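Notes for the one structure printed next.
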Amino acid sequence: MKFAVSLTMERFSPDVPMERVKSNLLQLARIADEGGFEALWTAEHHTLECTISPNPFQTLVWLAQHTDRIRLGTSTLVAPYWNPIRLAGESALCDHLTNGRLEFGIARGSYQYEFDRMAGGMPQQEGVAYMKEIVPAVKKLWSGDYAHEGQYWNFPVTAAVPKPLQQPHPPIWVAARDPGTFDWAVANGASILSTPLSAPAAEIQVLSDKFRKAVADHPEVPRPRFMMQRRTCVYDRPDGWELAVKHSMDYGRAFENLMQNIGAVHNGFPEAVPYEAVKGKDNYNPENIRKNLMFGTPDEAIEKLLAYEAAGVDQYCLGLTFNLPFELQKRTLELFITEIMPFFAARENEQKRVAVGR
């Protein structure tokens, strides 16, 4: 199992200068690159200070100038916000400007708050149909002249410029939780981005079973990769969970606002939904948050990560963007690099040694 990190610029107060926000992201990216993380993923979001990424390709090109090896991925582009020609061209240019390190991740989109502003108020659930139309169109544009007649986009014969550096194209990843999206993604040769959100550990196997079924149902397609992401915080002292849980709960209340459109957003800062509005929900129980999310000392995190490895996860992604204090974000990466990743690298080497000896 390999490791990745999900990072975006984030600001939860107008008192925090953008220069510090940029600097924090760059420091974390450099630590992840030097420490051997496989990939860095960054999101697409609009109008929100808590996730500052109106065009993730710009962020990735900037980070590429300051890193050497780490793969750079979009987690995720929001399909309904794009035109296929523009998406094919911008992603291919990003692939060149990152020296072939682009990982192309796409989704239907999540926040209804954004859809009301970026997609004419359409229900965000309808975004999946846009994704299923745009991904095949972009793949064809990457390969050469192409004309498209679809439900959402129509254009005459055209070429996307430039063509990607990686051939036939950058790796494609699709965000999925429902079985239909798993099946469609695998059938189209895409790898899977998924998350158990705040659900108990059993959800890891539920998602894995969906992936395994999609792979089994499409033997004609080479097995894609399977990434899973959770909010992550690793700390030195056993009582470190208290601060991590507090920030997760506060961030979750802002997330509820955006997902359900049940709160105000002032100048780009979402108002956290009152605890009363989420009272009784299991995912706001501090002990459940501590247990379900990737919170713990290195030994506790390793124990949790073994469940992901057993479920067939190829890449575990640290979700670090939930207003966690910067020093704790840094310490989480450092502990992964020095205490956790070597444990899994040793396991992989031992498995290879055993396989060779058979």
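The values are calculated or read from the model by the stated rules, or taken from the named source; none is laboratory data. Please read all numbers here as calculations on a predicted model, not as lab measurements. Ideal geometry is used to build each Cβ from the backbone, glycine not excepted, and the neighbour counts take in all protein chains shown. Ligands, DNA and RNA are excluded from the accessible area calculation, which covers all protein heavy atoms including side chains. Shrake-Rupley method; radii C 1.70, N 1.55, O 1.52, S 1.80 Å.
For this structure, a couple of remarks:
- Point-charge dipole on Cβ atoms (K/R +1, D/E -1) for segment 42-151, about Cα centre, debye to 20: 240 debye
- The HN-Hα couplings worked out from phi for segment 114-120 by the Karplus form 6.51 cos²θ - 1.76 cosθ + 1.60 (θ = phi - 60°) are 5, 4, 5, 9, 9, 9, x Hz, whole numbers, x standing for Gly and Pro.
- Leading residue at positive end of dipole, segment 214-358 (Cβ point charges), from LEU293, VAL215, MET341: VAL215
- Neighbour cut-off at most 15 other Cβ (10 Å), DSSP loop, chymotrypsin sites (Phe, Trp or Tyr not before Pro), segment 118-162: TYR152, TRP153
- Evaluated at q = 0.10, 0.11, 0.21 Å⁻¹: base-10 log I(q)/I(0), Debye formula over Cα of segment 174-278: -0.43, -0.51, -1.02
- Segment 115-161 and segment 24-53 have Cα centres lying 27 Å from one another.
- Residues LYS281 and ARG117, FRET efficiency given R0 of 22 Å [Cβ-Cβ distance, rounded to 0.05]: 0.25
- ³J(HN,Hα) computed for each position of segment 7-12 - Karplus, 6.51 cos²θ - 1.76 cosθ + 1.60, integer Hz, glycine/proline x: 9, 9, 5, 9, 9, 10
- Placed amide H near ARG71: partners under 5 Å, 5+ positions off or other chain: ALA39, LEU40
- The residues of the chain present an accessible area of 44 Å² per residue when probed at 1.4 Å with all protein chains retained.
- Equivalent ellipsoid, the chain (semi-axes from 5 times Cα gyration tensor eigenvalues, Å): 30, 26, 21
- Dipole size of the chain about its Cα centre, with +1 on Lys/Arg Cβ and -1 on Asp/Glu Cβ: approximately 620 debye, rounded to the nearest 20.
- Net charge in the neighbourhood of LEU165 (other residues with Cβ under 10 Å of its Cβ; Lys, Arg +1, Asp, Glu -1) is +1.
- Relative to its residue count, segment 108-159 spans a Cα convex hull of 79 Å³ per residue.
- The calculated FRET efficiency for the pair ALA216 and ARG358, based on their C-beta separation and a Förster distance of 22 Å, comes to about 0.35.
- Amide H contacts under 5 Å for THR76, placed H, 5+ residues apart: GLU44
- The apolar share of the surface of the chain, taken as the fraction of accessible area on carbon and sulfur atoms (1.4 Å probe, ligands and nucleic acids excluded), comes to 53 percent.
- Karplus 3J(HN,Hα) series, Hz, for segment 282-295 with 6.51 cos²θ - 1.76 cosθ + 1.60 (x for Gly, Pro): 4, 7, 10, 7, x, 5, 5, 4, 4, 7, 7, 7, 7, 10
- Were the residues from GLU334 through ASN99 laid out at 0.36 nm apart, the gain over their Cα-Cα distance would be 82.0 nm.
- Sequence-distant lysines (8 or more away, or on other chains) whose Cα lies within less than 16 Å of LYS281: LYS246, LYS291
- The chain: calculated mean residue ellipticity at 222 nm from DSSP helix runs of at least 4, using -39500 (n - 2.57): -14000 deg cm²/dmol
- For LYS163, a cut-off of 16 angstrom between C-alpha atoms picks up these lysines, skipping any fewer than 8 places away in its own chain: LYS139, LYS140.
- If you run the Gaussian network model on the chain, springs between alpha carbon atoms under 10 Å, then out of ALA187, ALA39, ALA310 the most flexible one is ALA310.
- Distant-in-sequence amide contacts of VAL265, defined by a placed amide H-H separation under 5 Å and a gap of 5 or more residues or a different chain, comprise GLU271.
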